[in-house]
Each structure stands twice: as structure tokens, then as C-alpha cells.
Amino acid sequence: MLPRSRTLPPRIHESAFDENRDMRVYLQVETQPKPHVDAEASNPPGYSKCFDDDGRLKRTGTVWTATSHIITAVIGSGVLSLAWAIGQLGWIAGPAVMILFAFVIYYTSNLLCDCYRTGDPVTGRRNYTYMDAVRATLGGSKVRICGAIQYVNLLGVAIGYTIAASISMTAIKRSNCFHASGGKDPCHMSSNMYMIIFGITEIIFSQIPDFDQVWWLSIVAAVMSFTYSTVGLSLGIAKVAENGKIHGNLMGISIGTVTKAGTVTATQKVWRNLQALGDIAFAYSYSIILIEIQDTIKSPPAENKTMKKAALSSIAVTTVFYLLCGCMGYAAFGDDAPGNLLTGFGFYNPYWLLDIANLAIVIHLVGAYQVFCQPLFAFVEKWATQRWPKSEILTHEYEARLVPGRTYKLNLFRLTWRTAFVVLTTIISMLMPFFNDVVGILGAFGFWPLTVYFPVEMYIAQKKIMRWSTPWIGLQMLSIACLIVSIAAACGSIAGVVLDLKSYKPFKSTY
């Protein structure tokens, strides 16, 4: 799903830094004339030891820091739907599909690693973001297409996170209600109020410029992600031990099984299987931030070599963790595996542990929402400023004193645009509060273009692979196969939305 999602601040918008200024400073220092002693003094001692070849401070990242960034970026809310996904595919296809996705993502990550530098992998020009790599390697209309896909995906992620956060808040309330009644009251309630609360919170945080770059945000996100993921895994293991047996079957949910959505028909079985592909794809998506993580790595050795090692180790760790979470959840509940392991109310006790896990989800998503949306905010604001440079609404900032001794610079356009965006995502979430379906759509929409197509095309252009050569045919076959999977997953997820809408009344969702 997008952007330096849960670890590093996103920089996919061009205004995040002045690359030309960095290069001017670099060239200015490096090319000082040296006929006089004064000119010699312009280069500080140990200059080359302090700066990289692009004039920026020496990067210090290693294979271990890159691995940790990837793991914390990948493991997030997508892990919650894996038990349901494996439940649709069964004990054979479920783990097999997950491992297959891991291999594909590892392979395309290797292709993308070679695109960090344009031209030579050791001395070529650096690309600081995914969009920089697309612009430098492919250019033209493909840059605009890539940007459009990214920003639409960002909108979708904002909607998905609003739904997930509201369901977790509802689950906390239900958990305490269920505990207080001793299990006699089903405690059904609407999530609309919690969506509004989440929306108001995001409106406030969205007014903070560069909130996504607050240094502690990555740490909090990582801790929260591992907290609720580990709780889900632990409760799954405990439930299997309590049952004394492993639920589920080889082929997944059986036709005729009665679920909360009704009886599973042969057609629904197909749609569910396809939607499961989208859920798994969403859980693995991190390609969009790979270049930015690679930009933190020191050299020598060449950054692409270090990054490939980090990709291998991180994807291996993530896959094992995902298999444990998904398989234990399915083993615990079988065909009744909930779409969201923690908020699907598969676990009632210990209720306090459920509350901690769901609170961790909410805290994580409050920050993650901003991490994903701030680049979109910046893009629209930069475009509007360039389009109407003399507009005071766009450019003028008013100083507002919110707390003693500190002032906040208020911009009317930023206030109205960001507020309108959050309100829009909240309303859409209230209209379609289907976590599983939205996750499947996001996974299907982002997997092929961002994880497969652009890395393959950039690698072909970078390595100058001849059309119709054996490597070219192999790469195109991989791309086409993944496109088919993405289309199938999208169809399954959209079918799920259509099915849910048949029994759903707008703004009246209950859990």
C-alpha cells in the first residue's frame, strides 16, 4: 500500500527537498579554485568523509537497518485479514499462494534495487524516491500514470484506515459490554460515531505541516504494529490449544457453509478465493518505499547489493510471521475465521488483552493515516500554488496563538482542503464500511502496477534488454501473469462489496 508507510517519512512529492540546491552546494564546494591558500580552506578537512557523491551527508544505513525498515513497513493492518484469506483458499492453496507472493515480491524488489542509480549501479545518478526512478528511467506519460496510481491508492488507504480504526474502537466498546453482560448481550452497535471521532482527530493532525516526518512517529507505528500482530498470533495459538484440534480443511471454506453474510454458494466461493488474493497482496505491499529505504544505505559495497540482502532477509521473516498469524487464526476458527482477526470478535477473553491490541491498532492508524496522506496534501497544495501564485488564500499565512509562547501559521487553503479531504474519506467509509473488501481492492489495485509493472519496465530500460529476447519474454510473462492475478482479485473484492451492499443500509452499519 504506499509510501514510506510505517517507517520512514514519505518524500514522493517533489517539494519535500530541493535536490538542485543540494547539488549546487556540492558542486560549489568541490569545484572551488585552488590557486590560493584561501581557496583551499573552503573545503573543510575530511570533506569526502562527511559527504556522499551527491553532496549529502554520509549515509549510515546497513543491511540490518534496511531489513528492520522493511519489516516494520510491511507488517501492519494487512496481517489481520490473513486468517480469513487462508480460510478461503484452504490448507494447501493458502500457504502456497502466500509463499508464491513472497517469491514474486522478492524478485521484483531485486529488479527495483538495480534502479536506485540511473546507469551504473555504483557511480550512476541517485534516485531518491520511487517516482524519481520512474522519471529518470521511463519518463513521459508513464510518470504521470505512476503518480495518478500512487495518489488514488493514497485515497483508498485513507478510506481503509478510517474503516479499520473505527471497527477497532467499536470492538473495544463491544468487548467491555460483552464482558459486563457475561456474554448474554450481543452488544451490537454502530461504528459511525467512531468514524466521526477518527475523522475529527485526523482533521486536527492534518493541519500540522510535515506531521508525517515527526521523528517518533516511525517508532510508535512499529511498536503498535508488532503489538497487535503478536497479540493476534498469541491468541490464535492459545485458541488452538484450548480446542485441542486444528480446524479447517484442505480446500478452504466449503460450499453450503453458513456465515454471517449468508450461505456460501459456488459462485461466492470463487469470489471469496479471488478476494483472498487481494488481501494477501495488500499485506505484502512495500515496493513504493523500497527506493527511499535504499537511499539510507551507506556504500561501499554498492547499495543495490546491500538492499538485495535486506530484501531477502526481511521478506523471509515477514513470510514466516504471516504464515504463523494466518495459519494459527485459521486453525483456531476454521470456516468461521473472521475477516479481521481481532475485531471480528473471534476472541472474547481475555477481553483486556483484546482492548490493548485494538487500541494499538487505533494509535497506529492515526499516525499511518498522516504518513500516507501528507504527500497527497503537499502535491495538491503545490499544484494549486503554481496554478494561482498570486492568490492570498493559497500563499498567505496567518499567525494564530494556540498555546502561550507558541504560534501556529494558519493557511486558509490548507485548512479547507485538508479538512474537506478528511470529511470526504470519512463519508465514503461510512457509506462502505467493508474492511475486507476494501483491503482486497487496495491490494489488487496497487500490486501489479507498483510492485510488478514499473519495476519490470524500469529494469528492462536500465539494462537495455532487447525486445523479444529470452529475458524480455520472461519478464513480460511475469508481468502479464501478475496483471491477471490483480484483475481477478479486484473482481472478487468488487463482488464482495456488491454482495455486502445488498444487505446494508447506508450510515447504519452495526457490528
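The values are calculated or read from the model by the stated rules, or taken from the named source; none is laboratory data. Source: prediction; values computed, not measured. Every residue, glycine as well, gets a Cβ built from its backbone with ideal geometry; the counts of neighbours run over all protein chains shown.
A few remarks follow.
- From the list GLY236, GLY232, GLY199, the lone residue that is in a helix (DSSP H, G or I) and at pLDDT 85 or above is GLY199.
- Considering ALA332, ALA337, ALA357, the condition of being touching a Lys or Arg at 6+ places or on another chain (Cβ under 7 Å) and within 26 Å of ILE172 (Cβ to Cβ) is satisfied by ALA332 alone.
- ILE86 vs. criteria in contact with a helix residue (DSSP H, G or I) (Cβ under 8 Å, 6 or more places away or on another chain), assigned to a helix (DSSP H, G or I), in contact (Cβ under 8 Å) with a residue 40 or more places away in the chain and surrounded by fewer than 19 Cβ atoms within 10 Å (Cβ to Cβ): no
- Qualifying residue in the range 385-398 (condition: part of a loop (DSSP other than H, G, I, E, B) and either surrounded by 14 or more Cβ atoms within 10 Å (Cβ to Cβ) or of a type in the set (Phe, Trp, Tyr) (or both)): yes
- Inside the range 262-291, residues that are over 18 Å from LEU100 (Cβ atoms), at pLDDT below 80 and buried (at least 20 other Cβ atoms within 10 Å of the Cβ) make up a count of 2.
- Screening the candidates ILE70, ILE92 for the property of being surrounded by fewer than 23 Cβ atoms within 10 Å (Cβ to Cβ) and modelled with pLDDT of 50 or more yields one hit, ILE92.
- The single residue among ILE149, ILE196 that is within 25 Å of ASP437 (Cβ to Cβ), out of contact with any His (no Cβ under 7 Å at 6 or more places or on another chain) and surrounded by 19 or more Cβ atoms within 10 Å (Cβ to Cβ) turns out to be ILE149.
- Scanning the range 416-448 for residues that are loosely packed, with under 15 Cβ neighbours inside 10 Å and over 22 Å from ASN192 (Cα atoms) gives a single hit, THR416.
- Residue satisfying all of: in the range 257-287; assigned to a helix (DSSP H, G or I) and among the aliphatic types (A, V, I, L, M); nearest to ILE149 (Cα to Cα) among these: ALA281
For every residue, the table says whether it meets (1) in contact with a Phe, Trp or Tyr (Cβ under 9 Å, 6 or more places away or on another chain); (2) assigned to a helix (DSSP H, G or I).
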position	(1), (2)
LEU250	yes, no
ILE253	no, no
LEU290	yes, yes
SER299	no, no
THR306	no, yes
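- For GLU303, the conditions (1) under 28 Å from THR230 (Cβ atoms); (2) surrounded by 20 or more Cβ atoms within 10 Å (Cβ to Cβ); (3) touching a strand residue (DSSP E or B) at 6+ places or on another chain (Cβ under 7 Å); (4) not aromatic (Phe, Trp, Tyr) all hold with the exception of (1).
- Positions within the range 202-219 being at pLDDT below 80, surrounded by fewer than 17 Cβ atoms within 10 Å (Cβ to Cβ) and assigned to a helix (DSSP H, G or I), in sequence order: ILE219
- Restricting attention to the range 112-145, the residues that are part of a helix (DSSP H, G or I), touching a helix residue (DSSP H, G or I) at 6+ places or on another chain (Cβ under 6 Å) and surrounded by fewer than 22 Cβ atoms within 10 Å (Cβ to Cβ) add up to 3.
- Helices (runs of 4 or more DSSP H) wholly inside the range 433-511 containing at least 3 residues that are touching a Leu at 6+ places or on another chain (Cβ under 7 Å), touching a residue at least 60 places away in the same chain (Cβ under 8 Å) and at negative phi: 454-463, 470-502
- Every condition in (1) of a type outside the set (D, E, K, R); (2) touching a residue at least 24 places away in the same chain (Cβ under 8 Å); (3) over 22 Å from THR227 (Cβ atoms) holds for VAL79 except the one numbered (3).
- For the range 452-478, the set of residues classified as among the polar types (S, T, N, Q) and over 15 Å from ASN110 (Cα atoms) consists of SER469, THR470, GLN476, listed by residue number.
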